[in-house]
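Peer 1: Just passing along the structure, written as structure tokens.
The values are calculated or read from the model by the stated rules, or taken from the named source; none is laboratory data. All figures in this text were calculated on a predicted structure; none of them were measured in a lab. Cβ placement follows ideal geometry from the backbone for every residue including glycine, while neighbour counts extend to all protein chains displayed. Areas reflect the complete protein model, heavy atoms only, side chains present, ligands, DNA and RNA absent. Shrake-Rupley method; radii C 1.70, N 1.55, O 1.52, S 1.80 Å.
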Amino acid sequence: MRLSELLSKAPSVISAQVEGFLDDRPLAWGKHKKIKVGKIFHNFHCRGCGDVRTFESGEELYCLGLGAEQISIDATLRCMVCKASVEAWFLVSADENISGRAPEVRVDRYAENLRDRADRIGAVDGPFADLVKRAQLAYECGLGAGAVIYLRKIFEKITWEVADLVGVETKKPNGNPRPFAAVLKEVNDQRMIIPQRFSSDGYHLFSELSGIIHGDSSETEALEKFKPCLQLVLGVVEEVSRDNKVAKAIEDLGWNVDVINAIAEKEDAA
């Protein structure tokens, strides 16, 4: 395998043996070297094309020596159709000398600067897209608790917004915030923002996120919990989005909501 094939799989951190790319000579710390390891290919949703496109690097890449077992690689990738360009950065590591003839390496860190030219495939859209993106970037940089902070912010924000929409009080008479658990329960009772599979204990998710943030979990545990927590938080976002879309469809059709609710209650009673 050539190094470019492994870089094209980022952010995967799998290890693989690759063809030597440093001519069996250690690259001193802080020194740059031009390497020919093949082109890097990444698929993104290109905003210029309005579709999924393959972005490719040039034939030559530049790496920076970080020690006997690590190098840093910066690459510019451009859309193969409209030529819009984005940047990517890779931290490549080996357990032994990375300058060997066939080193086993992995991508320890991967970051990208897509600017306003491209989006990751499957990226979340809508009002929480930026927070989800920040959470994902923090996770990929190894910041477990930092990534989870963004997830809790999404959960809080969407709960407060729905509370305001349905008229649930978020503050006490003295102006202080009400306990989040109480607000969440009232909101969910009225609007069902928590997916049904864990709606009976929706506060458990908030407690899990808060525990990670406040140090109840190590950074390793936080990173392990990030993806399942992300899916649950996105489940809440999708539930609210689905509810809003249904409400809008009913409004556009001019249906009588009270009549629909009455029919639903009769069906439940039956």
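Peer 1: When you go through (1) of a type in the set (Phe, Trp, Tyr); (2) within 22 Å of residue 118 (Cβ to Cβ); (3) open to solvent by less than 50 Å² (accessible area, probe 1.4 Å) one by one for residue 21, which number turns out not to apply?
Peer 2: Going through (1) of a type in the set (Phe, Trp, Tyr); (2) within 22 Å of residue 118 (Cβ to Cβ); (3) open to solvent by less than 50 Å² (accessible area, probe 1.4 Å) one by one, residue 21 breaks only (2).
Peer 1: Go through (1) under 15 Å from the mean Cα position of the chain (by Cα); (2) of a type in the set (Ser, Thr, Tyr); (3) at pLDDT 95 or above for residue 150 and report which single condition fails.
Peer 2: That leaves (3) as the condition not met.
Peer 1: If we keep just the residues of the stretch 194-217 that are farther than 16 Å from residue 154 by Cβ and in contact (Cβ under 8 Å) with a residue 40 or more places away in the chain, which is least open to solvent (accessible area, probe 1.4 Å)?
Peer 2: For the stretch 194-217, the residue satisfying everything is 217.
Peer 1: Checking residue 121 against (1) surrounded by fewer than 14 Cβ atoms within 10 Å (Cβ to Cβ); (2) out of contact with any strand residue (DSSP E or B) (no Cβ under 8 Å at 6 or more places or on another chain); (3) assigned to a loop (DSSP other than H, G, I, E, B), which single condition isn't satisfied?
Peer 2: With (1) surrounded by fewer than 14 Cβ atoms within 10 Å (Cβ to Cβ); (2) out of contact with any strand residue (DSSP E or B) (no Cβ under 8 Å at 6 or more places or on another chain); (3) assigned to a loop (DSSP other than H, G, I, E, B) applied to residue 121, the lone miss is (2).
Peer 1: What pairs come up if the first residue lies in the stretch 169-187 and is touching a residue at least 24 places away in the same chain (Cβ under 8 Å), the second is open to solvent by 80 Å² or more (accessible area, probe 1.4 Å), and their beta carbons are under 6 Å apart, counting only those six or more places apart or on different chains?
Peer 2: Note: pairs meeting the criteria are 181/203; 184/203.
Listed here are the residues, each with its yes/no results for (1) small (Gly, Ala, Ser); (2) part of a strand (DSSP E or B).
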{"residue": "112", "(1), (2)": "no, yes"}
{"residue": "136", "(1), (2)": "no, no"}
{"residue": "146", "(1), (2)": "yes, no"}
{"residue": "168", "(1), (2)": "no, no"}
{"residue": "189", "(1), (2)": "no, no"}
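Peer 1: Now for a separate question. Any idea how many residues of the stretch 124-147 are farther than 28 Å from residue 218 by Cβ and either modelled with pLDDT of 85 or more or buried (at least 16 other Cβ atoms within 10 Å of the Cβ) (or both)?
Peer 2: So the count comes out to 0.
Peer 1: Scan the stretch 26-41 and give yes if some residue there is over 14 Å from residue 90 (Cα atoms), out of contact with any strand residue (DSSP E or B) (no Cβ under 9 Å at 6 or more places or on another chain) and open to solvent by 60 Å² or more (accessible area, probe 1.4 Å), otherwise no.
Peer 2: No, the stretch 26-41 contains no residue that is over 14 Å from residue 90 (Cα atoms), out of contact with any strand residue (DSSP E or B) (no Cβ under 9 Å at 6 or more places or on another chain) and open to solvent by 60 Å² or more (accessible area, probe 1.4 Å).
Peer 1: Which condition from (1) touching a helix residue (DSSP H, G or I) at 6+ places or on another chain (Cβ under 9 Å); (2) open to solvent by 30 Å² or more (accessible area, probe 1.4 Å); (3) of a type in the set (S, T, N, Q) is the one that residue 97 breaks?
Peer 2: Among (1) touching a helix residue (DSSP H, G or I) at 6+ places or on another chain (Cβ under 9 Å); (2) open to solvent by 30 Å² or more (accessible area, probe 1.4 Å); (3) of a type in the set (S, T, N, Q), residue 97 violates only (1).
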